[in-house]
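Worksheet: the structure to be examined is printed underneath.
Laboratory data are not the source of any read-out in this text; all were calculated from the coordinates shown. These numbers were taken from a predicted model, which means no experiment stands behind them. Counting neighbours? That spans all protein chains shown, and the Cβs are built from the backbone with ideal geometry, glycine included.
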Amino acid sequence: MLKYLIIGALFALLFLLIYSRLRPYLELLGKISSALKGTLDATSASPPRGGSTKTENKLVRCVACGTWIPTERAIGAAANMSAYCSRECLEKAATGKKRKLAG
């Protein structure tokens, strides 16, 4: 009986050794399969109809400083005007136009 217990313990030790060596590769395969599953789900989904896109993912460029900002944070982007990232950029652009008109 002791012989079988020792053989079982050796097999368990061998299994743990092999598993500890293969664990990083198994995790990598799991990440790759989940990424492939996500891309397959995204490609199989039907595109939105009517050309409506989400505004939460759109970025606009500030006219004054050139910084890219989300549409919902932009000043003046909702009315199809020039988009600005802050009040300072809006004021800077307004003073720049006044200087051009005066000079």
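How much FRET efficiency would the formula 1/(1 + (r/R0)^6) give for Ser34 and Trp68, where r is the Cβ-Cβ distance and R0 is 35 Å, rounded to 0.05?
Between Ser34 and Trp68 the formula returns 0.70.
Per-residue 3J(HN,Hα) values for the stretch 13-19, derived from phi via the Karplus relation 6.51 cos²θ - 1.76 cosθ + 1.60 with θ = phi - 60°, read 5, 5, 4, 4, 5, 5, 5 Hz in sequence order (x marks Gly and Pro).
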